[in-house]
Structures are given as structure tokens and as C-alpha cells.
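One structure below.
The values are calculated or read from the model by the stated rules, or taken from the named source; none is laboratory data. Values in this document were obtained by computation on a predicted structure and should not be read as measured data. Glycine gets a Cβ as well: all are built from the backbone with ideal geometry, and neighbour counts include every protein chain shown. Areas reflect the complete protein model, heavy atoms only, side chains present, ligands, DNA and RNA absent. Shrake-Rupley method; radii C 1.70, N 1.55, O 1.52, S 1.80 Å.
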Amino acid sequence: MIKKIFICSPYRGHGDTPEEVKEDRRQNIRLARYACKYAIGGGHIPFAPHLYFPQFLRDSDSDERMLGLLAGQLWLEQCDELWVIGYRISEGMEAEIKMAEKFGIPIKHYVWKRTPEERLLDAILRPEIQYHEMDWKSL
């Protein structure tokens, strides 16, 4: 069965300078693209509203951002799983996670390939989360 996967990862950039914010957003977009490619590679269909809606809605305009978030939530209702990508949970991601919980949509957490030490730290610090690893280098 082909699953519809909602990709939940950060979009907005963070940093102390406009250049750092721009670079962080670029990395966030790259991460979401990798996650989509990973989902496709697994025979699934990814839905990444934060890659699609900013093509014609401005994230800097609060009304357009809200419209994009609402449209993304409509997509989420149609998905079979929500994949949280990475460790950082943004405000928008938190809302999507809560929506998935409300709809009873399974949530999986994906991170990049970790060292044994990182796996141990995750088991100690975040025992409630089962992380799935993606090998970004193979994408």
C-alpha cells in the first residue's frame, strides 16, 4: 500500500544576522527535500506544504502564512502518517503534531544517521521517542 506521508520539518530560519537566517532556511528547505526524497524512495507519497505553499504565499505576511498553515492542515487530514524530521520542533510543527494526534494519525520521528553515543544519549534523554534513521548521504 502506498502511504501518504506528511513531512513535518522546520521552515523559518533562525540566526543572529539576516544572512544566518537565510542560510538556516536554506538548510531547512534542503532537509525537507531530502525527507521527501526518502519517502519517495520508500514507495510513499510525501506532502510537504512548507515546500509548496511558499511558492505563491509569503511567509512574511501573517494572513498568507495562516492560509498556508490551514491549507497544510487540510492536507494532513488526508495523510496516513506524519514524519517529524530532525530534533528541532518549530511552532508550526508543534501545531501539526497536535493535529495529527487529534486525528489519530501515526507520528514517526526521523533523524540523520547517528553515532552509537548519540543513540545512547537519545535513549537516556528522550526514552519516549523511537527515532528512525535516514542516511542523508545516500540521497
query: For segment 72-92, what are the residues that are out of contact with any strand residue (DSSP E or B) (no Cβ under 7 Å at 6 or more places or on another chain) and either free of Cβ contacts under 8 Å to residues at least 24 places away in the same chain or open to solvent by 60 Å² or more (accessible area, probe 1.4 Å) (or both)?
result: 74, 77, 88, 89, 91
task: List every residue pair whose Cβ atoms lie under 9 Å apart, where the two residues are 6 or more positions apart in sequence or sit on different chains, the first residue falls within segment 93-110 and is over 14 Å from residue 39 (Cβ atoms), and the second residue, located anywhere, is in a helix (DSSP H, G or I) and open to solvent by 60 Å² or more (accessible area, probe 1.4 Å).
output: 99/77; 103/77; 105/77; 107/101
Verdict on residue 65 being open to solvent by 50 Å² or more (accessible area, probe 1.4 Å) and not in a loop (DSSP other than H, G, I, E, B): yes
query: Checking residue 2 against (1) within 29 Å of residue 104 (Cα to Cα); (2) in contact with a helix residue (DSSP H, G or I) (Cβ under 6 Å, 6 or more places away or on another chain), which test does it fail?
result: (2)
- line: When (1) open to solvent by less than 60 Å² (accessible area, probe 1.4 Å); (2) within 20 Å of residue 134 (Cβ to Cβ); (3) assigned to a loop (DSSP other than H, G, I, E, B) are applied to residue 15, the one that fails is (2)
field: Test set (1) within 10 Å of the chain's Cα centre (by Cα); (2) loosely packed, with under 15 Cβ neighbours inside 10 Å; (3) of a type outside the set (S, T, N, Q) - residue 98 fails condition number
entry: (1)
field: Residue that is most open to solvent (accessible area, probe 1.4 Å) [pool: residues in segment 27-62 that are under 17 Å from residue 105 (Cα atoms) and aliphatic (A, V, I, L, M)]
entry: 45
statement: By my count, strands (runs of 3 or more DSSP E) wholly in segment 71-139 with at least 3 residues that are modelled with pLDDT under 90 are 131-134
